[in-house]
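Asker: Before we start, here is the structure in question, set down as structure tokens.
Coordinate-derived values only; no laboratory data. Computed from a predicted model, the values in this text were never measured in an experiment. Virtual Cβ from ideal backbone geometry, glycine too; neighbours counted across all protein chains shown.
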Ligand SMILES: [Zn+2]
């Protein structure tokens with residue numbers, strides 16, 4: 001019988017103002033912390049957090065995150081963590097700051113606390129970290145061996161960030177269920193260990209992620225643009241962070257991320273956020289797997305309503321050539337690409353044709369699924 005496995009963070013806490021409780025969550029993990037904090041918050045948030053930690057009896061050493069989760073940056077943080085005798089590493093910022101903190105903790109054997117300041121990525125909950133070159137080019141994924149001990153999500157902080165980040169997070173979260181389904185149908189392994197199948201719980205979390213987006217995504221986007229913290233915004237922060245994070249790690253990713261990765265061979269895509277490109281990848285995946293038209297229409301209208309790209313032109317690729325798209329198809333076929341967990345036979349040609357067709361369909365179908373020329 002196949003073994004099934006599930007993993008996740010020990011604690012997840014979300015709400016307005018929870019950042020000021022940081023000390024209460026870090027203190028049980030030991031009395032010395034290394035805090036890797038995004039430079040944007042060095043002057044604003046750091047003094048408050050330093051006193052919150054001191055008040056809880058934690059001696060904290062703050063490191064200003066350099067902007068890339070590179071080998072050099074991780075070495076710098078590891079040295080600072082060893083010097084401070086850190087028992088825990090706290091990451092505060094976007095996905096790259098959190099990944100640097102998680103990988104640093106892995107190297108020095110410390111516990112992990114993540115505190116995302118935007119809801120555009122599902123790094124906060126996972127045990128995986130990504131390393132980039134100092135120039136920001138993807139290098140490799142590191143398995144940190146454990147998920148964060150605590151994920152602390154201050155929704156007041158997140159709603160103050162530009163709404164584009166929340167929308168991008170929804171694009172990334174939109175892929176979670178469709179990619180989970182690819183993996184379940186192809187009986188692929190999840191990311192919890194080397195050989196575990198998906199649990200019923202893991203798959204239902206991915207489904208809940210999708211349902212929450214469809215129910216609350218549009219209302220959350222409108223509210224977040226004016227920095228209003230509604231229940232819909234709280235639900236979407238949870239969907240983007242907890243549900244999407246647990247969903248992808250416990251079920252696996254597939255073609256939306258695989259096509260995202262392959263599209264990065266074309267320079268114009270570098271100007272878009274991860275979740276924006278993944279959103280377009282979702283449309284391509286639905287074509288590649290030949291899913292019902294109603295599913296495509298649902299995803300398309302959702303992306304349009306929250307300002308996510310749905311066509312090649314939206315990603316700066318309006319003039320892409322057949323030769324360039326053939327390169328994308330070949331990049332997607334590389335053995336290391338995550339696309340191989342789709343339950344259909346793949347070729348570079350089939351992938352390129354799915355990308356062309358998703359873009360053409362998005363251009364020719366209105367948000368109700370009717371041909372655009374009919375009205
Ligand atoms: Zn993603």
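Asker: Distance in nm between label sites at residue 46 and residue 305, each 7 Å beyond Cα in the beta-carbon direction?
Answerer: Distance between label points: 4.2 nm.
Asker: Continuing with the same structure: Going by how many other beta carbons lie within 10 Å of each one, how would you line up 138, 203, 25, fewest first?
Answerer: Working: 138 11, 203 19, 25 22.
Ordered by Cβ neighbours within 10 Å, fewest first: 138, 203, 25.
Asker: I've got another one for you. For region 11-158, compute Rg over Rh where Rg is the Cα radius of gyration and Rh is the Kirkwood radius from the inverse mean 1/r over Cα pairs. Mind showing how you got there, number by number?
Answerer: Values: Rg = 13.5 Å, Rh = 14.6 Å.
Looking at region 11-158, the ratio lands at 0.92.
Asker: For an R0 of 45 angstrom, estimate the FRET efficiency from the Cβ-Cβ distance between residue 313 and residue 207 and round to the nearest 0.05.
Answerer: On the way: r = 32 Å, r/R0 = 0.71.
The computed FRET efficiency comes out at 0.90.
Asker: Before anything else, pin down the relative contact order of region 11-158: Cα pairs under 8 Å, at least 6 apart, normalised by residue count, whole percent. Mind dumping the intermediate values first?
Answerer: Numbers: 355 pairs, mean separation 42.1, N = 148.
28 percent.
Asker: A further question follows. Is the shape of region 156-275 best called rounded, prolate or oblate, per the rule: a/c under 1.5 gives rounded, else a/b larger than b/c gives prolate, else oblate, with a ≥ b ≥ c the square roots of the Cα gyration tensor eigenvalues? Could the numbers behind the result be given before it?
Answerer: Numbers: a/c = 2.55, a/b = 1.36, b/c = 1.87.
Oblate, since a/c reaches 1.5 and b/c is not below a/b.
Asker: Could you grab the relative contact order for region 167-273? Cα pairs under 8 Å, six or more apart, rounded to a whole percent. Don't skip to the answer; put the middle values down first.
Answerer: On the way: 134 pairs, mean separation 43.4, N = 107.
That works out to 41 percent.
Asker: Follow-up question, since we're still on this one. Nearest 500 deg cm²/dmol is fine: what mean residue ellipticity at 222 nm does the chain get from its DSSP H runs of n ≥ 4 alone, each adding -39,500 (n - 2.57), divided by its residue count? Walk me through the numbers on the way to the answer.
Answerer: Values: 14 runs with 178 residues, N = 375.
Value at 222 nm, helices only: -15000 deg cm²/dmol.
Asker: If I model the chain as equal point scatterers sitting on the Cα atoms and use the Debye formula, what is log10 I(q)/I(0) at q = 0.08, 0.11 Å⁻¹?
Answerer: Log10 of I(q)/I(0), two decimals: -0.39, -0.74.
Asker: Hey, another quick one. Between residue 156 and residue 336, what is 0.36 nm times their sequence separation minus the Cα-Cα distance? Round to one decimal in nm.
Answerer: On the way: separation 180, 0.36 × 180 = 64.80 nm, distance 3.86 nm.
Answer, rounded to one decimal: 60.9 nm.
Asker: For helix 95-108, what angle does its Cα long axis make with the longest principal axis of the chain, in degrees from 0 to 90 and rounded to 10?
Answerer: Computed tilt is about 50 degrees.
Asker: Further question on the same structure: State whether region 241-372 is rounded, prolate or oblate according to the following rule on the C-alpha gyration tensor (a ≥ b ≥ c being the square roots of its eigenvalues): a/c under 1.5 gives rounded; otherwise a/b larger than b/c gives prolate, and the remaining case gives oblate. Before the final figure, lay out the partial values.
Answerer: Working: a/c = 1.31, a/b = 1.07, b/c = 1.23.
In terms of gyration-tensor shape, rounded.
Asker: Taking the DSSP beta bridges in the chain as the whole, what percent of them are antiparallel, to the nearest 5?
Answerer: Values: 6 of 32 bridges.
The antiparallel proportion sits near 20 percent.
Asker: Okay, next question. Estimate the FRET efficiency between residue 31 and residue 345 by the formula 1/(1 + (r/R0)^6), using the beta-carbon distance for r and 51 Å for R0, to the nearest 0.05.
Answerer: Values: r = 56 Å, r/R0 = 1.10.
Efficiency computed from Cβ-Cβ geometry: 0.35.
Asker: Label residue 291 and residue 222 with points 7 Å out from Cα along Cα→Cβ: what is the distance between them in nm?
Answerer: 2.5
Asker: Determine, for 142, 200, 36, 278, the number of other Cβ atoms within 10 Å of each Cβ, and report the residues in order from fewest to most.
Answerer: Working: 142 18, 200 9, 36 30, 278 27.
So the residues, fewest neighbours to most, are 200, 142, 278, 36.
Asker: What full-extension length gain, to one decimal in nm, is calculated for residue 6 and residue 200 as 0.36 nm per residue of separation minus the Cα-Cα distance?
Answerer: Values: separation 194, 0.36 × 194 = 69.84 nm, distance 0.95 nm.
Separation in residues times 0.36 nm, less the Cα-Cα distance, equals 68.9 nm.
Asker: Among bridges DSSP assigns within region 11-158, what percent are antiparallel (round to 5)?
Answerer: Values: 5 of 30 bridges.
Of those bridges, close to 15 percent are antiparallel.
Asker: Another question about this same structure. What nm distance separates the two modelled labels at residue 364 and residue 187, each placed 7 Å from Cα along Cα→Cβ?
Answerer: 3.7
Asker: Quick one: angle between helix 200-225 and the longest Cα principal axis of the chain, in degrees between 0 and 90, rounded to 10, please.
Answerer: 90
Asker: Ok, one more. For the chain, what does the relative contact order come out to in percent, with C-alpha contacts under 8 Å and a separation of six or more? Can you show the working numbers first?
Answerer: On the way: 814 pairs, mean separation 58.7, N = 375.
RCO, the chain: 16 percent.
Asker: Between the helical axis of 71-84 and the dominant principal axis of the chain, each derived from Cα atoms, what acute angle in degrees is found, rounded to the nearest 10?
Answerer: 20
Asker: For a quick check: sort 277, 189, 102, 160 by the number of other beta carbons within 10 angstrom, fewest at the front. Walk me through the numbers on the way to the answer.
Answerer: Details: 277 24, 189 17, 102 30, 160 13.
Going from least to most buried by this count: 160, 189, 277, 102.
Asker: If a paramagnetic tag sat 7 Å from the Cα of residue 270 along the Cα-Cβ line, which residues of region 50-88 would have the backbone N under 16 Å from that point?
Answerer: Counting only backbone N, you get 68-69.
Asker: How far is the Cα center of region 141-218 from the Cα center of region 66-140, in Å?
Answerer: Value for the Cα centre distance between the two parts: 19 Å.
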